[in-house]
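Coordinate-derived values only; no laboratory data. Small disclaimer: the values here were computed from a predicted structure and weren't measured. Counting neighbours? That spans all protein chains shown, and the Cβs are built from the backbone with ideal geometry, glycine included.
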Amino acid sequence: MMIHKTAIIGENVKIGDNVQIGPYCIIGDGAVIGNNVEIRSHVIMEGKITIGDGTKIFPFASFSYPQTLKYNGEDSEIIIGKNNVIREYVTIQHGTSEGGMVTIVGDNCLFMVGVHIAHNCIVGNNVIFANYVSLAGHVEVGDFAIIGGLSAVQQYCKIGAHTMIGGVSAVVRDLIPFGLATNDRAHLEGLNLIGMNRRGFDKKQSIEASKVIKKMFNDNSDQVFNDRVEKAKLDYPDNEILQEILDFLLNNKLRTFCSFSNK
């Protein structure tokens, strides 16, 4: 264990094996730091925080209390998984009473410079956020999602697994699993076929799912959208990719989704 002499370590902090804590860090009371964690200089951790094994945290990252007037100092926490890379000036904030009092990040994520993850967010595994991505409160992001730089996600939005959002996008609706979205008011471009191919998804199923989703979202008939979703679920029982997308839609019937542009 290597703790720089200028670092300030609070009471009842649990520090694992082979941990490095750099100059001018402040680790607040009750923090739990896993094994092989590397914390560079000027990192701030306040309140109840858990950092998983092998995570690397770069200078000026901040793990602190939520930016909401509804927070009144309740006992909340941040849970960070294993083997994450958290770059300079990333801010991750505690949960509030409206969302289970916890903000959660999974394993093997990369958060580039200036990323902001607000209160009560739930971020999955193997996620990549480019520079200055910003999640408002209560956002959920599925595994393997990639969000381009300077993009923002509105509060309570759900971003499905294996999605890709282009840079400088404003996401104000839910994005289906495998979806590809761009624009200043993000709309659906189709499925993330390149990313799906790289991760070994069945090419035939991917192409079929892409065609079905495009037809389903662009259908100009009088049929209710949820009815189209339920019909597709019955028509394509063997397409695992499509079934995941359709389940996402059916489990969130009262929400709105990124759809194809009318342009």
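In whole Å, what is the distance between the alpha-carbon centres of segment 114-144 and segment 82-109?
8
Using 0.36 nm per residue of separation minus the Cα-Cα distance, give me the extension gain between residue 234 and residue 194 in nm, one decimal.
On the way: separation 40, 0.36 × 40 = 14.40 nm, distance 2.68 nm.
Contour length minus Cα-Cα distance gives 11.7 nm.
Given a cut-off of 32 Å, name the pairs among 48/158; 70/231; 14/70; 82/231; 56/214 whose C-alpha atoms lie farther apart than that in the structure shown.
Check vs 32 Å cut-off fails for 70/231; 82/231; 56/214.
Post the alpha-carbon centroid distance, segment 182-239 to segment 34-75, in whole angstrom.
Result: 38 Å between the Cα centres.
Can you pull out the trypsin sites (Lys or Arg not before Pro) in segment 41-85 whose DSSP state is coil and whose Cβ has at most 16 other Cβ atoms within 10 Å?
70
By count of other Cβ within 10 Å, fewest leading, how are 221, 97 ordered?
221, 97
With a cut-off of 8 Å between alpha carbons and a minimum separation of six or more residues, what is the relative contact order of the chain in percent?
The normalised contact order for the chain reaches 9 percent.
Using Cα springs under 10 Å in a Gaussian network model of the chain, which residue among 184, 174, 235 shows the largest mean-square fluctuation?
Between 184, 174, 235, it is 235 that shows the largest mean-square fluctuation.
How far apart, in nanometres, would the label points at residue 259 and residue 247 be if each is projected 7 angstrom from Cα along the Cα-to-Cβ direction?
2.5
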